[in-house]
Structure formats: structure tokens, C-alpha cells
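**Q** Got a structure for you, written out below as C-alpha cells; questions coming shortly.
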Amino acid sequence: MNIDLWQLLGSAAALSFTLGFVDQLRITFKTREVDGLSLLQWLVFAAASAAFAAYYVHLEQWMMVAVSIFGTSCCVTMLALIFKFRHRE
């Protein structure tokens with residue numbers, strides 16, 4: 001496995017960005033408050049993360065594939081929480 005400095009930097013940046021999703025998921029699950037969350041934003045994040053996963057498969061950058069799949073999973077989970085908790089009585 002040949003990882004150069006730029007690939008390592010990109011991986012660290014993607015992982016940091018994705019970890020932000022985890023904290024938002026934790027807070028949303030705990031509070032069940034989704035009124036301030038943008039459905040469109042999370043749809044775009046999910047689509048972009050999935051597209052990045054496909055792109056990294058093409059480049060055979062497996063660490064980035066894993067990070068992108070994890071990010072996509074976080075986004076899809078957030079979308080499910082938004083649909084579940086929005087307009088609840």
C-alpha cells in the first residue's frame with residue numbers, strides 16, 4: 001500500500017469532516033430536535049458522499065472509500081432521524 005503525503009492529508013481531512021457527522025447524529029438522537037436541520041443539506045451531503053465513494057473505488061483508494069461509505073451511512077441515518085422526528089406531536 002503506497003500512501004503519499006497528499007493522500008494522507010486528504011484522508012485526515014475527510015475523516016475529520018465525517019466525524020462532525022457523528023457528533024450531529026449523537027446530539028440529534030439525544031434531543032430528537034430536528035427543526036433547525038436542513039433536509040436538503042443532508043440530502044446533498046449523502047449524495048456527495050456516495051459519489052465520492054464511487055470515485056475513490058475508481059481510483060482504488062480504499063481508505064477513502066471506507067471513509068466515504070461511513071460518511072454516506074451517517075448522512076442516511078441523519079435523514080432517517082429527520083423524517084422520524086419532524087412534525088412529531
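Conditions (1) under 18 Å from S16 (Cβ atoms); (2) among the small types (G, A, S); (3) part of a loop (DSSP other than H, G, I, E, B), marked per residue:
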site: K30; (1), (2), (3): no, no, no
site: A46; (1), (2), (3): no, yes, no
site: A51; (1), (2), (3): no, yes, no
site: H58; (1), (2), (3): no, no, no
site: A66; (1), (2), (3): yes, yes, no
site: F70; (1), (2), (3): yes, no, no
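**Q** Within region 6-31, can you find the residues that are over 18 Å from the mean Cα position of the chain (by Cα), surrounded by 11 or more Cβ atoms within 10 Å (Cβ to Cβ) and over 18 Å from A53 (Cβ atoms)?
**A** L8 - this is the single residue of region 6-31 that is over 18 Å from the mean Cα position of the chain (by Cα), surrounded by 11 or more Cβ atoms within 10 Å (Cβ to Cβ) and over 18 Å from A53 (Cβ atoms).
**Q** Next question, about the same structure. Only residues that are at pLDDT 90 or above, surrounded by 18 or more Cβ atoms within 10 Å (Cβ to Cβ), within 17 Å of L8 (Cβ to Cβ) and among the aliphatic types (A, V, I, L, M): list them for region 52-74, please.
**A** V65
**Q** Take V34 and decide whether it is β-branched (V, I, T), touching a residue at least 12 places away in the same chain (Cβ under 8 Å), crowded, with 16+ Cβ neighbours inside 10 Å and outside any helix (DSSP H, G or I). Steps first, please.
**A** On the way: β-branched (V, I, T): yes; touching a residue at least 12 places away in the same chain (Cβ under 8 Å): yes; crowded, with 16+ Cβ neighbours inside 10 Å: yes; outside any helix (DSSP H, G or I): yes.
So V34 passes the test.
**Q** Scanning for something part of a loop (DSSP other than H, G, I, E, B) and either over 27 Å from A12 (Cβ atoms) or hydrophobic (A, V, I, L, M, F, W, C) (or both), does region 78-86 turn up at least one residue?
**A** So the first thing to find is which residues in region 78-86 are part of a loop (DSSP other than H, G, I, E, B), and the list is 86.
Checking which are either over 27 Å from A12 (Cβ atoms) or hydrophobic (A, V, I, L, M, F, W, C) (or both) leaves us with 86.
Within region 78-86, one or more residues are part of a loop (DSSP other than H, G, I, E, B) and either over 27 Å from A12 (Cβ atoms) or hydrophobic (A, V, I, L, M, F, W, C) (or both).
**Q** Can you pull out every residue in region 37-51 that is exposed (fewer than 12 other Cβ atoms within 10 Å of the Cβ) and of a type outside the set (S, T, N, Q)?
**A** Of everything in region 37-51, just one residue is exposed (fewer than 12 other Cβ atoms within 10 Å of the Cβ) and of a type outside the set (S, T, N, Q), namely L40.
**Q** Still on this structure, I have one more. Is there a residue being in a helix (DSSP H, G or I) and under 26 Å from R88 (Cα atoms) anywhere in region 8-21? Please lay out each step first, then the result.
**A** As a first pass, look at region 8-21 and keep what is in a helix (DSSP H, G or I): 8-21.
Next, from what is left, pick out any that are under 26 Å from R88 (Cα atoms): 20-21.
Yes: region 8-21 contains one or more residues that are in a helix (DSSP H, G or I) and under 26 Å from R88 (Cα atoms).
The values are calculated or read from the model by the stated rules, or taken from the named source; none is laboratory data. Bear in mind the structure is a predicted one, so any value in this text is a computation, not a measurement. Using ideal geometry, Cβ is built from the backbone for each residue, glycine included, and neighbour counts are taken over all protein chains shown.
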